[in-house]
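Comments concern the structure below.
The values are calculated or read from the model by the stated rules, or taken from the named source; none is laboratory data. Keep in mind it's a predicted model, so treat the numbers as computed, not measured. So basically every Cβ, Gly included, is an ideal-geometry build from the backbone, and we count neighbours across all protein chains shown. Accessible surface areas use protein heavy atoms only, side chains included; no ligands, DNA or RNA. Shrake-Rupley method; radii C 1.70, N 1.55, O 1.52, S 1.80 Å.
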Amino acid sequence: MSPKYYAPKGGHPGQDQLLTDRAVFTDAYAVIPKGTMRDIVTSFLPFWEDTRLWVIARPLSGFAETFSQYIMEVSPGGGSDRPELDEGAEGVLFVVEGSASLTVDGKMHTLTEGGYAFLPPATDWTLHNTTDEMLRFHWIRKAYEPVEGLPYPEVIITNEQDVAPNVMPDTEGRWATTRFVEPTDLRHDMHVNIVTFEPGGVIPFLETHVMEHGLYVLEGK
């Protein structure tokens with residue numbers, strides 16, 4: 001049985017509901033609770049039919065982000081023949097609900113829940129929802145930073161169920177990371193991973209990196 005992933009459904013709370021969610025915005029980070037993802041804050045993109053999205057992150061939202069992250073919601077029959085208008089942008093798609101028909105360079109792929117696709121810059125791709133159910137997926141976009149002598153990375157299409165997690169040593173399996181791209185492959189300037197913490201899991205040190213982080217927390221504290 002495949003895992004179930006959380007996806008926002010929109011809607012509006014009742015007038016009698018107390019506002020208990022607390023967003024946090026500092027000069028170092030922002031925390032956005034799931035209760036903010038309502039119908040009134042959805043956005044729309046050109047050339048996407050029957051599609052709306054929640055913008056989680058974008059460049060210049062107060063920090064130094066170089067990436068955007070959306071949660072896309074595509075109704076049955078919806079999608080786009082011109083999804084990416086920036087030829088210099090790379091992207092990652094990760095399906096959390098439903099099924100996507102993704103065509104890359106003329107070849108059709110079906111992404112079900114847990115489906116992952118890395119799309120390098122200047123890739124010819126389209127995406128449609130050809131089912132009777134709603135499609136929801138994460139779309140992370142970044143302006144690719146080329147390095148002279150390194151070619152563009154290839155398209156990657158897989159499912160997280162087919163990728164073995166890397167278990168951190170001395171954690172009894174409580175902390176594992178599913179990596180879709182090897183860190184030593186320096187053609188990639190962006191990584192989208194799944195980190196799993198079982199009860200009792202902990203990162204017992206402070207982290208410093210050369211890149212920004214976006215964390216989408218499914219469960220726990």
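What do you reckon, how do I140, I203 stack up by accessible area (1.4 Å probe), largest on top?
I203, I140
Taking the Cα centre of segment 1-148 as origin, sum charge times position over the Cβ atoms of Lys and Arg (+1) and Asp and Glu (-1), and report the length of that vector in debye to the nearest 20.
480 debye
Using a 1.4 Å probe on the protein heavy atoms, what percent of the accessible area of the chain belongs to carbon and sulfur?
It is 54 percent, rounded to a whole number.
Which percent of the Cα-Cα distances in segment 102-173 go past 17 Å?
In whole percent, the long-distance tail amounts to 58.
So how compact is segment 87-206: Cα radius of gyration and Dmax in angstrom?
Gyration radius and largest Cα-Cα distance of segment 87-206: 16.2, 46 Å.
With just the Cα atoms defining each centre, how far is segment 102-141 from segment 176-214? Give it in Å.
Measuring centre to centre over Cα atoms gives 23 Å.
Could you put F205, F67, F25 in order of accessible surface area, largest first, with the 1.4 Å probe and the full protein assembly present?
F25, F205, F67
Work out from phi, with θ = phi - 60° and the Karplus expression 6.51 cos²θ - 1.76 cosθ + 1.60, the ³J(HN,Hα) of each residue of segment 163-168, listed in order in whole Hz, and give x for Gly and Pro.
10, 6, x, 8, 8, 5
Going by accessible area, probe 1.4 Å, with all protein chains left in place, what is the ranking of D185, D124, D16, largest first?
Largest to smallest exposure gives the sequence D16, D124, D185.
Please list 3J(HN,Hα) in residue order for segment 29-42, calculated via the Karplus relation 6.51 cos²θ - 1.76 cosθ + 1.60 where θ = phi - 60°; whole Hz, with x for glycine and proline.
3J(HN,Hα) across segment 29-42, in whole Hz: 7, 10, 10, 10, x, 5, x, 6, 8, 10, 4, 6, 10, 6.
By a straight-distance test (C-alpha under 20 Å), which lysines pair with K221 as possible cross-link partners, with residues fewer than eight away in the same chain excluded?
Qualifying lysines at Cα under 20 Å: K4, K34.
Quick one: how many Å² of R179 are accessible to a 1.4 Å probe, rounded to 10?
Estimated to the nearest 10 Å², R179 gives 80 Å².
Just to check I understand the Karplus step: with θ = phi - 60° and J = 6.51 cos²θ - 1.76 cosθ + 1.60, what whole-Hz values come out for segment 47-57, glycine and proline as x?
6, 10, 8, 6, 9, 9, 8, 9, 8, 8, 8
How are the C-alpha pair distances of the chain spread across 5 Å bins, as whole percents from the shortest bin up?
Going out from 0 Å in 5 Å bins, the chain shows 1, 6, 12, 17, 19, 18, 14, 8, 4, 1, 0, 0, 0 percent.
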